[in-house]
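What follows is a short report on a single structure.
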Amino acid sequence: MFTFPHNIKSGFLVVSSCSWLLCGCDNNYVLENNVSVPLTEQKFYQTPGFRLDYDIYLPNSYTGWEPARDNKFIYDPEHQIYALNNLNISQPPIDNVGDRFKITSIDWQHEFGFTNTNSYIEESKIGLVKNTELIFNIKYFSVLADSKDMFFELPLDANPASLDVKVKIISEKPPAKAWMMVSYTEK
């Protein structure tokens, strides 16, 4: 009977184990491109922020794709953040493309997101966790390189009521650099 030498058996075991591990990976949450350093809620609020010379909005698959009063961020000078709280996500989206949103100026000349339009959806998708505020780096995009919609996924057992999104502009000079804090509440 033929037997493999010990080092060949070990190599085969390592390769097959790694293959199974990679097959089990979930590529839905590509966060390494979006988070450069671990950000805490404390750091989010304590880092100085800057006000833009234009308003920003959150067009989305729940309120519609036009910047409007019900998806406008409100600037909070005390915390130097833009906040949009209690966005109703309890009803089905207006389209069947997925739970998605954009951060943009009213004229779509200034956008923030993870990636540009030519990117894969997986590069612009985040998974939300119940009772947890998640913080991500977001990039500035001009109209010449507009951003891809940002998609979010909720846990399978979620019973969502509203979405809270906060944006902190962390660079004064263009192109703006920013952080986004996202969380959802349940019914």
message: On the basis of being outside any strand (DSSP E or B) and acidic (Asp, Glu), does Glu111 make the cut?
response: no
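Yes/no matrix, rows are residues, columns are (1) in contact (Cβ under 8 Å) with a residue 12 or more places away in the chain; (2) of a type outside the set (Asp, Glu):
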site: Phe50; (1), (2): yes, yes
site: Glu66; (1), (2): no, no
site: Phe73; (1), (2): yes, yes
site: Glu78; (1), (2): no, no
site: Pro92; (1), (2): no, yes
site: Asp95; (1), (2): yes, no
message: Being surrounded by 15 or more Cβ atoms within 10 Å (Cβ to Cβ), more than 12 Å from Lys102 (Cα to Cα) and at pLDDT below 95 is the filter here; which residues of the stretch 64-91 pass it?
response: Leu87, Ile89
- request: Could you please find all residues in the stretch 31-58 being within 20 Å of Thr115 (Cα to Cα), of a type outside the set (Val, Ile, Thr) and modelled with pLDDT under 95?
  value: Leu31, Glu32, Asn33, Asn34, Ser36, Pro38, Leu39
- request: Look through Lys102, Lys139 and report the one residue that is within 12 Å of the chain's Cα centre (by Cα), modelled with pLDDT of 80 or more and either exposed (fewer than 13 other Cβ atoms within 10 Å of the Cβ) or more than 24 Å from Ala158 (Cα to Cα) (or both).
  value: Lys139
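Residues are listed down the side, and each one gets a yes or a no for (1) surrounded by 13 or more Cβ atoms within 10 Å (Cβ to Cβ); (2) modelled with pLDDT of 90 or more; (3) not aromatic (Phe, Trp, Tyr):
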residue	(1), (2), (3)
Asn96	no, no, yes
Glu123	yes, no, yes
Pro160	yes, yes, yes
Lys166	yes, yes, yes
Thr185	yes, yes, yes
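The values are calculated or read from the model by the stated rules, or taken from the named source; none is laboratory data. Model, not experiment: these values are computed from the prediction. Note that we place each Cβ from the backbone using ideal geometry, even for glycine, and neighbour counts take in every protein chain shown.
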